[in-house]
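The values are calculated or read from the model by the stated rules, or taken from the named source; none is laboratory data. What you see is a predicted model, and the numbers here were worked out from it, not measured in a lab. Cβ atoms come from the backbone with ideal geometry, glycine included; neighbour counts cover every protein chain shown. We work out accessible area using only protein heavy atoms, side chains counted, and drop any ligands, DNA or RNA first. Shrake-Rupley method; radii C 1.70, N 1.55, O 1.52, S 1.80 Å.
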Amino acid sequence: MGNKQKDSKILELQPDLYLIPSKGVGSHVFLIRGTVKNMLIDTGLPANFENLKESLLNVGLRPEDIHLIILTHEHWDHVGAASFFIETSLIAAHYLAANKIMLGDEFVLMNKYFDQPSKAFCPDIWLYENTLIDLGNYKFNIVHTPGHCSGCICLHEPDKEILFTGDTIMAGGVLSGIYTSGSIADYIDSLNRLKALKVKKMYPSHGTISDDPHQDLKKAVERSLLLMKESQILFDTLDTKQIYKHLLSSARNYSNSKERLDRKEK
């Protein structure tokens, strides 16, 4: 891949662009040394902070030299160590991810699953589609790519034709799981929109770098369409009508019970 190895803990992928490999189940962390500001993409789990700090020192930076952290989505293996930066860095996430992080939505964050609690934090900046992040030597457009979960984003650098994909797509066209707030249909739409971008290198948050993004995106779309067909077969097999009836009945019973309780209190 033509990576320059500065140290076993950090790899220089392009000028001023570094990869800090994941430890265990956590996500990779990417460092961009901008001419204006320094930025991290994701932080990994809380237990990753010491490794992250050592890796930054290897290129002459301290945690307080990081001005901005972009979170690719709300899952704890990507955002958990962000709390160590809240005093010195601005933290940004797509508004759907930021809202869940702010409220501590355990259905989505999966903090308990990774069993690595840390200090709660609120993102400082809520990102939207086409938000521009200008670091001087790198300029990133935010692409909202729901599917894996609702708050997923990718970061596209159109001049250098690179794409940071978070968990939206891995090298080889591998798809991430579809978790709470995710959707196969959203996933397909996100991948099709990414196919329209000019990209020569794709940097996912897990696994290896993609040197053939367009082929990988094509494979990912095919796999997501197949997943949609398989899901439709599953729903045809299940008695989904009875399941929906049960859910609606439970909702009506709750509503009626609450209404009776409200009358009594009055």
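If a residue has to be at pLDDT 95 or above and in a loop (DSSP other than H, G, I, E, B) to count, how many in segment 1-20 make the cut? Number satisfying all stated conditions: 2.
Got at least one residue in segment 109-123 being among the aromatic types (Phe, Trp, Tyr), open to solvent by 60 Å² or more (accessible area, probe 1.4 Å), in contact with a helix residue (DSSP H, G or I) (Cβ under 6 Å, 6 or more places away or on another chain) and touching a residue at least 24 places away in the same chain (Cβ under 8 Å)? No, because not a single residue in segment 109-123 is among the aromatic types (Phe, Trp, Tyr), open to solvent by 60 Å² or more (accessible area, probe 1.4 Å), in contact with a helix residue (DSSP H, G or I) (Cβ under 6 Å, 6 or more places away or on another chain) and touching a residue at least 24 places away in the same chain (Cβ under 8 Å).
The number of residues in segment 182-200 that are open to solvent by less than 50 Å² (accessible area, probe 1.4 Å) and touching a residue at least 40 places away in the same chain (Cβ under 8 Å) comes to 8.
For the structure I just gave you, tell me whether residue 37 is surrounded by fewer than 21 Cβ atoms within 10 Å (Cβ to Cβ), modelled with pLDDT of 95 or more and out of contact with any Lys or Arg (no Cβ under 8 Å at 6 or more places or on another chain). In short, yes.
Residue check: residue 158 meets all listed conditions (1) closer than 16 Å to residue 73 by Cβ; (2) out of contact with any His (no Cβ under 9 Å at 6 or more places or on another chain); (3) modelled with pLDDT of 95 or more but one, namely (1). Residues that are in a helix (DSSP H, G or I) and of a type in the set (D, E, K, R) were ranked within segment 157-211; the one that is nearest to residue 21 (Cα to Cα) is 195. Please tell me if residue 176 is surrounded by 21 or more Cβ atoms within 10 Å (Cβ to Cβ) and at pLDDT below 95. So residue 176 fits the description; yes.
Applying the condition of being more than 19 Å from residue 140 (Cα to Cα) and of a type in the set (S, T, N, Q) to segment 179-205 and asking which residue is modelled with the highest pLDDT yields 192.
Out of 168, 208, one residue alone is hydroxyl-bearing (Ser, Thr, Tyr), open to solvent by 80 Å² or more (accessible area, probe 1.4 Å), closer than 28 Å to residue 110 by Cβ and modelled with pLDDT of 90 or more. It is 208. Pairs meeting the criteria (first residue in segment 145-163 and on the phi > 0 side of the Ramachandran plot, second residue open to solvent by 20 Å² or more (accessible area, probe 1.4 Å) and assigned to a strand (DSSP E or B), beta carbons under 8 Å, at least 6 apart or on different chains) are 161/201. Scanning segment 65-83 for residues that are hydroxyl-bearing (Ser, Thr, Tyr) and either within 8 Å of the chain's Cα centre (by Cα) or crowded, with 24+ Cβ neighbours inside 10 Å (or both) turns up just one, 72.
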